[in-house]
Amino acid sequence: MQRPKLRDNRGKGPFELYPLGQMTDEIIYNIAKWMTYHFSTGKSDIDGEDWGDIFAKAIGGEHLGKPYGLADVIYENMAWSVKSVKATKPLIQKKIRLISGRCSPDYSYGISDPHEDVQRTGDAVLNIWNERINIAKDKFEPLRTSILVRNFNTLEFALFEHETLRYIVSDYTWRVNKNGNLEGLDVATNTHQFTWQPHGSQFTILSDIPLSAKRFKVKRPPVLDFEETISQIGFDESWVTIL
């Protein structure tokens, strides 16, 4: 049956702040500005939470206190899963290993021995990932993954994003490596795509850094002087209540 025409259904697609992977220079400058402030306060690096704060401020969005499925940052109906990865040379790096959260087949499916049936365990890991996407997409669309590849020592960065997609479970076969971890291979190409660690239930996705990634450097700022900053904000002892 044809979908009914309603006043609030104008046939438009989901709202997009910008096309996929096409962050404007203004957004990059905003990111660099917040990075500069971050480092000027004496912070030594940018972890996943820091990157979520910075990215949300740069786009005028909201960094959720608790992820909604895989959604960390939202702007109207859009959402991003935000990740930050260390690399020696972000400007020329071609591949990364993206830690994508914890998947527990034991908790979700009652698989207490992950090595008893490796394929079943691997399928369960991907099903858990897919369900987290389902939760996010029930409320947000589009859903993207924003990845910051960073080197704090040189303040060099590569930034890219891709659609956060569900995986077809039957497209992957699983094996155990020498460390006892499970590796997921693409059936069609026999390439290594995933790693799942029984200890800690950590799920890792191997990803290429596209040529279209935004690559940039930030000048290292001086660290704000503590006494000068305290004076500038007008701090005094009346701000403190000792209970």
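Given a cut-off of under 8 Å on Cα pairs at least six residues apart, what relative contact order in percent is computed for the chain?
Working: 386 pairs, mean separation 52.3, N = 243.
After rounding, I find 22 percent.
GNM on the chain, alpha-carbon springs under 10 angstrom: the most fluctuating residue among PHE216, PHE226, PHE194 is PHE226. Put a plus charge on the Cβ of each Lys and Arg, a minus charge on the Cβ of each Asp and Glu, and nothing anywhere else: the dipole of the chain about its Cα centre is then about 900 debye. Per the Debye formula with a single identical scatterer at each Cα and no solvent contribution, what log10 I(q)/I(0) holds for segment 25-231 at q = 0.07, 0.10, 0.11, 0.18 Å⁻¹? Taking Cα atoms of segment 25-231 as identical point scatterers yields -0.25, -0.49, -0.59, -1.28.
What's the angle, to the nearest 10 degrees (0 to 90), between helix 118-137's Cα axis and the longest principal axis of the chain? Taking the Cα atoms of the chain, the angle to 118-137 is about 50 degrees.
Checking the cross-link pairs LYS57/LYS83; LYS139/LYS214; LYS33/LYS217 against a 20 Å limit on the alpha carbon distance flags LYS139/LYS214 as lying beyond it. To test your reading of the geometry: what angle, between 0 and 90 degrees and rounded to tens, separates the Cα axis of helix 25-40 from the longest principal axis of the chain? Taking Cα atoms only, the helix is inclined about 70 degrees. The Cβ shell under 14 Å around GLY101 holds other residues with a net charge of +2, Lys and Arg each +1, Asp and Glu each -1. Between ASP208 and ILE168, what FRET efficiency follows from the Cβ-Cβ distance if R0 is 30 Å, with the result rounded to 0.05? The calculated FRET efficiency here is 0.95.
Of the cross-linked pairs LYS89/LYS219; LYS94/LYS178; LYS66/LYS137, those separated by over 21 Å at the C-alpha level are LYS94/LYS178. Measuring r between the beta carbons of ARG220 and GLU26 and using R0 = 22 Å, the FRET efficiency lands at 0.45. Helix 48-59 axis versus longest C-alpha principal axis of the chain: approximately 70°, rounded to the nearest ten. Residues with beta-carbon under 13 Å from that of ALA79, excluding ALA79: net charge, scoring Lys, Arg +1 and Asp, Glu -1? Taking every other residue near ALA79 into account, the sum is -4. Placing a label point 7 Å from the Cα of ASN134 along the Cα-to-Cβ direction, the residues of segment 163-194 with a backbone N closer than 13 Å are 166-167, 169.
Ordering of 170-182, 29-41 by packing is 29-41, 170-182, highest average first (other Cβ atoms within 10 Å, averaged per residue).
We did not get these values from a lab; they are worked out from the coordinates using the rules stated. Given the structure is predicted, the values throughout are model-derived calculations rather than measurements. Neighbour counts run over all protein chains shown; Cβ positions are idealised from the backbone, glycine included.
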